[in-house]
Structures are given as structure tokens and as C-alpha cells.
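**Student:** Encoded as C-alpha cells, here's the structure I'll be asking about.
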Amino acid sequence: EKGIDLKLEGRVLTIKGERKPENPNGFTYHQVESHYGTFTRSFTLPDGADGDQIKAAYKNGVLTITILQKPEARSRAISIGTA
């Protein structure tokens, strides 16, 4: 959680972070399956995304980012009348 940085520039959401190698019990590993180091991911948000309403939560090793749509971008039903 402390090693993750979220930044919104225009419509581009950038996630930066660092995953450090873990060795909780002092064991020596000969092969490690998971990767560690710094990472950066960038996503271009669609036109209807509301940049002011972005929320992020980190729980049990999972980062969840919620991006809401602008109210005017939501679809609505249109009734069809007879001519």
C-alpha cells in the first residue's frame, strides 16, 4: 500500500509501485516464481470517465480502482412512440 502511487494526468491514469522480495523465515531460495522490482502501468480513460470520482482501495494484496462515469455519459432508455 505504501509503495503504490496513483496519478491522473488528463485522461491517463498511471500506477507506479515497487514489489520487494520477501524472505520472512530466512530461507534461501534457489528459484523464485514471482517477480519483484519497480513497475509502471498507464491506462487511457474513456471520455465518459469522471476523473474527480476515482477511488482506490488496497486489501489483502489486491489494489481495486473504481472509476465512475459522468452522469451525462450514462445511457438512458428512449421510448418509441407511434407516428
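The values are calculated or read from the model by the stated rules, or taken from the named source; none is laboratory data. In this text the structure is predicted, and so the values were computed from the model without any measurement. Don't worry about glycine lacking a Cβ; one is built from the backbone with ideal geometry, like all the others, and counts go over all protein chains shown. The area values use the complete protein model at the heavy-atom level, side chains included, leaving out ligands, DNA and RNA. Shrake-Rupley method; radii C 1.70, N 1.55, O 1.52, S 1.80 Å.
**Student:** Select from the range 42-66 the residues that are assigned to a loop (DSSP other than H, G, I, E, B) and either open to solvent by less than 70 Å² (accessible area, probe 1.4 Å) or of a type in the set (Phe, Trp, Tyr) (or both) and write down the one among them that is nearest to residue 4 (Cα to Cα).
**Tutor:** Here the residue is 61.
**Student:** Report, by residue number, each residue of the range 56-83 that is touching a residue at least 12 places away in the same chain (Cβ under 8 Å) and touching a Ser or Thr at 6+ places or on another chain (Cβ under 8 Å).
**Tutor:** 56, 58
**Student:** Kindly indicate whether any position in the range 13-31 is of a type in the set (D, E, K, R), modelled with pLDDT of 90 or more and part of a loop (DSSP other than H, G, I, E, B).
**Tutor:** no
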